[in-house]
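Scroll down for the structure; my scribbles are underneath it.
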């Protein structure tokens, strides 16, 4: 979860109570090019689509508070969520200013997209409950969340928050399980780290085929 939504940061975990079923399409592995094709920023009109593309639910987490859990097995390489759905872009300067001002939606939902731009949703959604891990099972890149490994039904979905946050982020926090500081990477390191992990994932998938 992001700062104010993440219980691991010592912040409230959100308004939901108990498990909340999320609608999702059948899990599907993706090709490398598929990640780059899902750019759905500032969607206009109609109901806002949810971010999850697979069956998942919000439920109590062993990390504390709430988390997001797979409701069906997910193969490595599956496109799990699209955080660009219903989001708009803000520059890093506006992101930091909104954080300092205590803007609840920026604190709760904003994540780095690319370079000095961040994605922000004006409405709460299930992605607010994704929890941090230094050993995540989800890769985050340009608004896309991709399964790094095969994920079992009932397993919690976690992401490395260093790829969500800005460097020296106002919402940096101490990770409960490890006692390590969780702070954002600079834009170049975030991009390089995500791309390298994606290439490694694509190579492993090719080798297994």
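Values quoted throughout were computed directly from the atomic coordinates according to the rules given, and no laboratory measurement underlies them. A quick note: this is a predicted structure, and the numbers were derived from the prediction, not measured. Reconstructed Cβ throughout: ideal geometry from the backbone, glycine too, with neighbour counts over all protein chains shown.
Summary of computed values
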item: Where a residue in the range 61-72 is farther than 19 Å from residue 149 by Cβ and its partner, wherever it lies, is part of a strand (DSSP E or B), with Cβ under 8 Å and at least six apart; result: 66/58; 66/59; 66/60
item: All positions within the range 110-127 that are closer than 21 Å to residue 70 by Cα and buried (at least 24 other Cβ atoms within 10 Å of the Cβ); result: 127
item: Residue 162 vs. criteria loosely packed, with under 13 Cβ neighbours inside 10 Å, in contact (Cβ under 8 Å) with a residue 24 or more places away in the chain and out of contact with any strand residue (DSSP E or B) (no Cβ under 6 Å at 6 or more places or on another chain); result: no
item: Odd one out for residue 98 among (1) buried (at least 20 other Cβ atoms within 10 Å of the Cβ); (2) over 16 Å from residue 79 (Cβ atoms); result: (1)
item: Candidate set: the range 61-74, residues that are touching a strand residue (DSSP E or B) at 6+ places or on another chain (Cβ under 6 Å) and surrounded by fewer than 23 Cβ atoms within 10 Å (Cβ to Cβ); chosen: the one farthest from residue 110 (Cα to Cα); result: 71
item: Residues satisfying the stated conditions in the range 128-141, i.e. out of contact with any helix residue (DSSP H, G or I) (no Cβ under 7 Å at 6 or more places or on another chain) and surrounded by 18 or more Cβ atoms within 10 Å (Cβ to Cβ); result: 130, 133, 136, 137, 138
